Amino acid sequence: MINRSKALAVFSGGQDSTTCLYWALKHFDEVHTITFSYGQKHSLEIEVARKIAEKAGVDFHLVDIAPIAAIGKNSLTDAAVAMDSEKPAGCWPNTFVPGRNMFFLSIAAVYARENGIFDLVTGVSQTDFSGYPDCRDSFIRSLNVTLNLAMEEQFVIHTPLMWLDKAQTWALADRLGIFDMVRNETLTCYNGVPGEGCGHCPSCRLRNEGLEKYLSDRDFFLRSVDGIV
Ligand code: ZN
């Protein structure tokens, strides 16, 4: 019988994964986190993740996958690539790190299995503006099957944010009692500025627009995430 009381959250210290970490704490007795160093320009991200994990009282495990992530050129790990501020026509913005979630979740699954954990939690969302292919539900389901076949196990990948927009993700954080913490202490900004962020990178724009939308009709958005907490 598989122990379903433990979960491993893929954790970056950003708005989405912090919300997912606290969602996991509501749904599982024991939660662990795994954070990846993939050569991101802003290593502060890792320190922010470590601090939040400590605050949440969960185990923090850091894995360095920089050599794998460096194979695909992108503006989050390569200082020589100027960041796209808009999605270019017909291709992904260069903030897309090819294969990132595939690597993250595959490594997370191996680590989880070693620790007797078969429930993985990730903050990917299909509703995000960039529409990265490895954030889509079809990819996650496919990878879930692949991981089970690869290790002959019964993993379940949980994606509580999959169908939520950013305003609803704020509502979920509020429902989980971490609205202020997410607002002030997480790091989502592509330019490495914690809390409110730089305000102009694509990630800050998405986060801030979602926050404004949420605050404009708090009750409506809180009701919209009723079934998720
Ligand atoms: Zn920013």
Quiz item: Whole-Hz Karplus ³J(HN,Hα) for the stretch 8-22, in order, using 6.51 cos²θ - 1.76 cosθ + 1.60 and θ = phi - 60°, x for Gly and Pro?
Solution: 10, 9, 6, 10, 10, x, x, 4, 5, 6, 5, 4, 5, 4, 6
Self-check item: Kirkwood hydrodynamic radius of the chain, Cα pairs, Å
Solution: 17.8
Exercise. Kindly put Arg100, Arg50 in sequence by how many other C-beta atoms sit within 10 Å of each C-beta, fewest to most.
Key: Arg50, Arg100
Exercise. Once you have the Cα-Cα distance between Glu185 and Met162, take 0.36 nm times their residue separation minus that, and quote the gain in nm to one decimal.
Key: 6.0 nm
Quiz item: What pairs in Lys6/Lys166; Lys6/Lys26; Lys6/Lys55 have C-alpha atoms more than 21 Å from each other?
Solution: Lys6/Lys166
Practice problem: Convert each backbone phi in the stretch 156-164 into a coupling constant with the Karplus relation 6.51 cos²θ - 1.76 cosθ + 1.60 (shift: θ = phi - 60°), then list the ³J(HN,Hα) values in order as whole Hz, x for Gly and Pro. | Solution: 10, 9, 9, 10, x, 9, 3, 10, 9
Quiz item: Of Thr169, Thr146, Thr159, how do they rank once you tally other Cβ atoms within 10 Å and put the fewest first?
Solution: Thr146, Thr159, Thr169
Quiz item: Among Cys204, Cys20, Cys189, what is the fewest-to-most ranking by other Cβ atoms within 10 Å?
Solution: Cys204, Cys189, Cys20
Quiz item: In deg cm²/dmol and to the nearest 500, what is the mean residue ellipticity at 222 nm of the chain if only DSSP H runs of at least 4 residues count, each as -39500 (n - 2.57), divided by the residue total?
Solution: -13000 deg cm²/dmol
Practice problem: With a point put 7 Å past each Cα toward its Cβ, work out how far Arg4 is from His61 in nm, to one decimal. | Solution: 2.2
Quiz prompt | Segment Asp29-Ser224, extension gain: residue separation times 0.36 nm, minus the distance between their alpha carbons | solution = 67.6 nm
Self-check item: Estimated inter-spin distance, Glu114 and Arg141, nm [label 7 Å along Cα→Cβ]
Solution: 3.2
Exercise. Could you list which residues have their amide H under 5 Å from that of His61, counting only those 5 or more apart in sequence or on another chain, with H placed in the peptide plane?
Key: Thr33, Ile34, Thr35
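FYI, it's all coordinate maths here, none of it is from the lab. Note that this is a predicted model, so its numbers are computed, not measured. Quick reminder, even Gly has a Cβ in these numbers, built from the backbone with ideal geometry, and neighbours come from all protein chains shown.
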